[in-house]
Structure formats: structure tokens, C-alpha cells
1. For segment 1-50, which positions are surrounded by 13 or more Cβ atoms within 10 Å (Cβ to Cβ), of a type in the set (Phe, Trp, Tyr) and out of contact with any strand residue (DSSP E or B) (no Cβ under 8 Å at 6 or more places or on another chain)?
2. Is it the case that some residue within segment 115-128 is touching a Ser or Thr at 6+ places or on another chain (Cβ under 8 Å) and of a type in the set (Val, Ile, Thr)?
3. From 57, 53, which residue is farther than 24 Å from residue 162 by Cα, open to solvent by less than 20 Å² (accessible area, probe 1.4 Å) and out of contact with any Leu (no Cβ under 6 Å at 6 or more places or on another chain)?
4. So which pairs qualify, if the first residue must be in segment 69-83 and open to solvent by 30 Å² or more (accessible area, probe 1.4 Å) and among the aliphatic types (A, V, I, L, M), the second must be modelled with pLDDT of 95 or more and not in a strand (DSSP E or B), the Cβ gap must be under 8 Å, and the two must be at least 6 apart or on different chains?
5. Condition first: of a type in the set (Phe, Trp, Tyr) and either surrounded by 20 or more Cβ atoms within 10 Å (Cβ to Cβ) or part of a loop (DSSP other than H, G, I, E, B) (or both). Now tell me which residues in segment 112-153 satisfy that.
6. Please indicate, with yes or no, whether at least one residue in segment 95-106 is part of a loop (DSSP other than H, G, I, E, B), under 17 Å from the mean Cα position of the chain (by Cα) and of a type in the set (Asp, Glu).
7. Check off (1) under 30 Å from residue 31 (Cβ atoms); (2) out of contact with any Gly (no Cβ under 7 Å at 6 or more places or on another chain); (3) modelled with pLDDT of 95 or more for residue 64 and give me the number that stays unchecked.
Amino acid sequence: EIALLDVLTGIANRRSFMQKIDSEFSRAKRYKMPLSLLMIDIDDFKNINDSFGHLAGDQILRYVSTTFCENFRDADFPGRIGGDEFGVVLPNTTLVDAKQLAERVRLIIGEENVEYDQNQFKFTMSFGIAEMHENDKDVNDFIRRADEALYRAKNSGKNQVVY
């Protein structure tokens, strides 16, 4: 478990997440099934750490992973990519369905307060989505498109889903 899970959040670490996306990409290509990917970043996370300390940031990271586990489907595979960046592999999911899932989770996150040491935090997240294309040469093309969508979300106001 130590090799596969992020110690802080309890969800997949970068290594196991990348293994999963690679295997799901191959399977979706082989069987011509839809596959979508969410890349997600906590907006202004550095400000929370700088203002309230890293333990407050850790509480938010745990809250995010719990929210993912409670609101994504059993077949979906969330992972912590690093720092405040997450990914979710969505097998057998079209872009339209991925957008609906992402919007639902984005709204849940934005409405809740996270408590730490008598402080309450509200924060938002930005989501980038890509759906696998037939012309993706490899999994890196797929990941790159989701990353680019995430950067567009962050650069155009944050707290949104971009695909």
C-alpha cells in the first residue's frame, strides 16, 4: 500500500495513478471505449499554506480526497499527482458525462467549509478535462490535453471546468 497510496490523502499516488491511466488508455484504445481524464488543481492553495500553515493545507488535501471518494463513481480512479494537483481517470466516460461529474464535484467543494484549528476555509478548484481521441498517439497526448485545459481554467478566472 505504501508504494501505491499517497500517505496524506489515502488515494492513489502519482506512480499508481500513472500506471492506471496507462492501462485504461490501452484498454479503451483496444476496445474502442470512451475514456476521459480530469486534471484538478486547488485554486490559490499557496495562500492557504502561507496564511494558516501547512497543517491547514493538509486538512484541505484530505478533505478533497474524501470528497472525491464520496462523489465519483466506484469505477473512477482519483489520484494525487503532487502538491495540490489531482487527477481522476474516468473509464467508459464521454466528455459530456465527465463535464457533468466535474461540475457536480466543483460545486460541492465550493459550497463546503473546511475546519482546521478554529478556522473555517472556503476554497475552489479548477478542472481540466480531456476525452481520449483516436488520433492520440500515446497516453501523453491525452494527459497533455487535460493539462492544457486545466491551465486555461486557471488562467481564465479559476473555479471552473474547461475542456
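1. 45
2. Taking segment 115-128 first, the residues touching a Ser or Thr at 6+ places or on another chain (Cβ under 8 Å) are none.
The answer is no, given that none of the residues of segment 115-128 is touching a Ser or Thr at 6+ places or on another chain (Cβ under 8 Å) and of a type in the set (Val, Ile, Thr).
3. 57
4. From residues that are open to solvent by 30 Å² or more (accessible area, probe 1.4 Å) and among the aliphatic types (A, V, I, L, M), the pairs are 75/92.
5. Looking only at segment 112-153, we keep the residues that are of a type in the set (Phe, Trp, Tyr), and these are 116, 121, 123, 127, 142, 151.
Residues satisfying the conditions are 123, 127, 142.
6. Going through segment 95-106, the residues part of a loop (DSSP other than H, G, I, E, B) turn out to be none.
No, segment 95-106 contains no residue that is part of a loop (DSSP other than H, G, I, E, B), under 17 Å from the mean Cα position of the chain (by Cα) and of a type in the set (Asp, Glu).
7. With (1) under 30 Å from residue 31 (Cβ atoms); (2) out of contact with any Gly (no Cβ under 7 Å at 6 or more places or on another chain); (3) modelled with pLDDT of 95 or more applied to residue 64, the lone miss is (1).
The values are calculated or read from the model by the stated rules, or taken from the named source; none is laboratory data. From a predicted model like this one, the values you see are computed outputs, not experimental measurements. Note that we place each Cβ from the backbone using ideal geometry, even for glycine, and neighbour counts take in every protein chain shown. Side chains included, ligands, DNA and RNA excluded: accessible areas come from the protein's heavy atoms. Shrake-Rupley method; radii C 1.70, N 1.55, O 1.52, S 1.80 Å.
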